[in-house]
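We did not get these values from a lab; they are worked out from the coordinates using the rules stated. Keep in mind it's a predicted model, so treat the numbers as computed, not measured. Cβ: placed from backbone, ideal geometry, glycine included. Neighbour counts: every protein chain shown.
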Amino acid sequence: MSGGGGRYRVTVRQDVRPAPLSGKGLKELCLKALPLLPATEADLRILVAGDAAIARRNREFLGRDRPTNVLSFPDEEDAKGRRFAVSGDILVSAPTCLAQTEGWGESPEARVFFFVLHGMLHLAGYEHVTGGPEGRRMRRKELQLFRRVVREERGGRLG
């Protein structure tokens, strides 16, 4: 899918039944956020899973034996050397995300998108693990993008 002068591909698969949100709605939010990163190209594969699946991956890749809200896995270095490509897998736990945002006035899609956006920023090169200025920069960008994208959606369907 194209937009904002770039080429964006976003796929959403849900392994949670019944599906707790609209995959199409989540995809639309992601597509609205990508030009704002800025990303001229993107290939995102989002898997909406449960706590058990994300806990397994969290243990396997980060050594943390518990569920988390989101994990991101960047694709290998781009062979073409594209500077603004955002590419990789994002695993998000719908139950954890929805529990952590309980009481928000947003749709389930917007609430899960908040965490997917966090993963997207990691894939775009943002980091917060060390804290400090980098962590604050990422948090500001995350909140700015979330507010902007969700505000636009409120004018549309998700409001």
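Observations, loosely collected:
- Approximating the spin labels as points 7 Å out from Cα along Cα→Cβ, the GLN144-to-LYS24 distance works out to 3.3 nm.
- Its residue count N fixes a reference of 2.2 N^0.38 Å for the chain, and the Cα radius of gyration divided by that reference is 0.99.
- The ranking of ARG148, ARG17, ARG111, ARG45 from fewest to most other beta carbons within 10 Å of each one's beta carbon is ARG17, ARG148, ARG45, ARG111.
- Farthest towards the positive end of the charge dipole of the chain, among the residues LEU34, VAL10, ILE46, is the Cα of LEU34, using unit charges on the Cβ of Lys, Arg, Asp and Glu.
- By the beta-carbon count within 10 Å of each Cβ, the least crowded to most crowded order of PHE115, PHE146, PHE73, PHE61, fewest first, is PHE61, PHE73, PHE146, PHE115.
- Local electrostatic count, VAL86, Cβ distance below 9 Å [Lys/Arg +1, Asp/Glu -1]: -2
- About the Cα centre, charge dipole magnitude for the chain (Lys/Arg +1, Asp/Glu -1 at Cβ), debye: 380
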